[in-house]
Amino acid sequence: MSSGSAPKSGRDIVAYFAGHLANLVNGNDSLSEAEENVVIKPFSLFEKVHRTLVANRKYSEVLVGVWAYPPPNTVEDAADFYFDHVIDRPIGSRGEGPSSADNLANLIGSRAVGPSPPRPQVPLSIWKALVGGATTLKRFVEQKDLFELSNRILKCLDAANRPYAEVLRLGLCPKEWLVGDDAVGVNTLKAANAFLKALKSEMKGVFGRRPTPAELEAAFKTAPVPGYKEAKSFAATLLGSAILTRVAGQDETFLTSFEAVEQTLGEQLEAESDEPLMDAEEAAPFLEIAVSAGAIEAEEKRLLVAIMAGRSLAEVMGSNLYLRRRLKTDFGNDLEAYINDLSSRTARFISAAGRARP
Amino acid sequence: MAGEFTEAQTARFLRTLRVATQTALAQYALSGGRAVSRPAMTFMALAAKGPGEWRFPASGLVSADGLVVAKLVSEASAPLVLELQAQGVVGLSLYANRSARVTFTAGHVAEGAFDRDGRMRLSFEGVAIAEVDLARFELELTDDAS
């Protein structure tokens, strides 16, 4: 199995985590295909999720960002905090309509077997959407249904994970900036990240020092933080001071982690899509273009179509000699690395083609 | 060519690609590439290769799913013993009273069974194995859950 070692971008990790949650809720780690229903056991599910956040380095490093938690915090503490402030964070709606957590709860409710307890009329979290309804669900047997569950969890994660990821992206500890007297709102965090990005650009990659006043002013001019007239006044705040201390620190972890975390924040183009997922037939023309342009191979297109059509990876790989050879030769039999590479190549090409649209 | 798709269609495609591939990968990881059975679970130490001789961490190694902790019991003049302990209710419910196989990177394979407390001891008596060979291994259940 390759899941423990494959490199993964931050963006992939959020989607992978959503897929992981969807599979756990669906009992895919313990039930056979023949079993029609799954019983939701909140404590058991909590333990599986929590232990995965602790033990899986992909999650603990990029998603939870254990590196940002100063001692005596442990990876367990970081996972606890992540659970409480991301997975169990209430998600409000962005207008009149239902929130992404309401949509997730509705999907879960549509699979209920037997009576469901009434849900409280309060903003739901991912966790409460998943476990706060019926205890027995009809399983998501069709792969397109499982994808939809994963998609709805991902939409919730895109919202609930945002403030947390913005704090990590600043190189700071979420426990210190998301709760308590020093808690900072998500819009200020976003603006601070834009400022930090501009500042890093002004500093031309030479970190481990305090920026000069000129660099600070230039960065602030490019990316001002609302509520502050000049860089000096922002730098004098607790948040501004903490950011500059991180930049001046000698610990490369805090600098190299910015990019990985940045990728956990969904691309605008994609995040705005509220349409249902495509089926394999609809996706095929996009993949055909990628093949024609040489971005992916014809056999790789078949692999992606098969995944979208709901065939298992094991089944598809097992029946295609070309793909198995490519997996062995170029990816050392690391299937996760191969699929991530293929997905990234395809997404890069289609995104670039979309941007080139007249 | 790409101009034939609208921005909304492109966004849908990108979303579908991301969700489908990552969900399929998560499913594959949870099923170990098989349809229904549980995967081999990996234990992997960090920085097993270094300038000095690598030592098995005293705090143990945790499996990738966090459900089992492996500790090396090393006593003078006694053979090395690898002790695996299932963690928590989920770990116990999964591993207690189950037969398992452990495959080490050096090629050595050991079989045993977890007891009712979720503990399995594997002795390396008569086996030439160094601590560094234990820096990565896989645990696989060999019986059917019932």
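Some values worked out for this structure:
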{"read-out": "Selection count where residues are assigned to a helix (DSSP H, G or I) and touching a Lys or Arg at 6+ places or on another chain (Cβ under 8 Å), scope the range A:79-108", "value": "7"}
{"read-out": "Residue match in the range A:157-165 (condition: without any contact (Cβ under 8 Å) to a residue 24 or more places away in the chain and surrounded by 18 or more Cβ atoms within 10 Å (Cβ to Cβ))", "value": "no"}
{"read-out": "Residue A:82, sole failed condition from (1) more than 10 Å from every other protein chain (Cβ to nearest Cβ); (2) over 19 Å from residue B:64 (Cβ atoms)", "value": "(2)"}
{"read-out": "Test: residue in the range A:8-31 that is more than 9 Å from every other protein chain (Cβ to nearest Cβ), small (Gly, Ala, Ser), surrounded by 19 or more Cβ atoms within 10 Å (Cβ to Cβ) and assigned to a helix (DSSP H, G or I)", "value": "yes"}
{"read-out": "Every residue from the range A:306-334 that is buried (at least 16 other Cβ atoms within 10 Å of the Cβ), more than 7 Å from chain B (Cβ to nearest Cβ) and assigned to a helix (DSSP H, G or I)", "value": "A:306, A:316, A:317, A:323, A:326, A:327, A:331"}
{"read-out": "Selection within the range A:336-358 - at the interface with another protein chain (Cβ under 7 Å from one of its Cβ atoms) and in contact with a Ser or Thr (Cβ under 7 Å, 6 or more places away or on another chain)", "value": "A:336, A:339, A:343, A:350, A:354"}
{"read-out": "Subset of the range B:86-106 that is away from chain A (no Cβ under 14 Å) and closer than 18 Å to residue B:56 by Cβ - its residue that is surrounded by the fewest Cβ atoms within 10 Å (Cβ to Cβ)", "value": "B:106"}
{"read-out": "Count of the range A:27-63 residues which are modelled with pLDDT under 90 and touching a strand residue (DSSP E or B) at 6+ places or on another chain (Cβ under 7 Å)", "value": "2"}
{"read-out": "Only one of B:35, B:40, B:29, B:24 that is closer than 30 Å to residue B:94 by Cβ, within 7 Å of another protein chain (Cβ to nearest Cβ) and at pLDDT 90 or above", "value": "B:24"}
{"read-out": "Residue check for residue B:80: within 21 Å of residue B:57 (Cα to Cα), crowded, with 16+ Cβ neighbours inside 10 Å and more than 16 Å from the chain's Cα centre (by Cα)", "value": "yes"}
{"read-out": "Candidates A:323, A:277, A:287, filtered to the one that is under 27 Å from the mean Cα position of the chain (by Cα), among the hydrophobic types (A, V, I, L, M, F, W, C), more than 30 Å from residue A:160 (Cα to Cα) and at pLDDT 90 or above", "value": "A:287"}
{"read-out": "Identity of the residue in the range A:288-300, part of a helix (DSSP H, G or I) and within 12 Å of another protein chain (Cβ to nearest Cβ), that ends up surrounded by the fewest Cβ atoms within 10 Å (Cβ to Cβ)", "value": "A:292"}
{"read-out": "Qualifying positions in the range A:44-61 - within 7 Å of chain B (Cβ to nearest Cβ) and over 26 Å from residue B:17 (Cβ atoms)", "value": "A:44, A:47, A:48, A:51, A:54, A:55"}
{"read-out": "Residue tally, condition in contact (Cβ under 8 Å) with a residue 24 or more places away in the chain and either surrounded by fewer than 14 Cβ atoms within 10 Å (Cβ to Cβ) or more than 14 Å from the chain's Cα centre (by Cα) (or both), over the range B:50-72", "value": "5"}
{"read-out": "Contacts under 8 angstrom Cβ, first residue in the range A:175-198 being β-branched (Val, Ile, Thr), partner in a loop (DSSP other than H, G, I, E, B), 6 or more apart", "value": "A:184/A:178; A:188/A:225; A:188/A:226; A:188/A:227"}
{"read-out": "Within the range A:178-190, considering residues that are in a helix (DSSP H, G or I) and either basic (Lys, Arg) or under 20 Å from the mean Cα position of the chain (by Cα) (or both), the one surrounded by the fewest Cβ atoms within 10 Å (Cβ to Cβ)", "value": "A:187"}
{"read-out": "Residue, farthest from residue A:19 (Cα to Cα), within the range A:137-164, restricted to residues that are within 12 Å of another protein chain (Cβ to nearest Cβ) and aromatic (Phe, Trp, Tyr)", "value": "A:140"}
{"read-out": "Odd one out for residue A:257 among (1) within 18 Å of the chain's Cα centre (by Cα); (2) at pLDDT 90 or above; (3) away from every other protein chain (no Cβ under 14 Å)", "value": "(2)"}
{"read-out": "When residues of the range B:1-13 are limited to those that are surrounded by 22 or more Cβ atoms within 10 Å (Cβ to Cβ) and among the hydrophobic types (A, V, I, L, M, F, W, C), the one modelled with the highest pLDDT", "value": "B:13"}
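This table checks each residue for (1) at pLDDT 90 or above; (2) more than 17 Å from residue B:11 (Cα to Cα); (3) under 25 Å from the mean Cα position of the chain (by Cα).
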site: A:292; (1), (2), (3): yes, yes, no
site: A:316; (1), (2), (3): no, yes, no
site: A:330; (1), (2), (3): yes, yes, no
site: A:340; (1), (2), (3): yes, yes, yes
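The values are calculated or read from the model by the stated rules, or taken from the named source; none is laboratory data. Predicted, not measured: the structure shown is a model, and the values here were computed from it. FYI the Cβ positions are ideal-geometry reconstructions off the backbone, even for glycines, and counts take in every protein chain you see.
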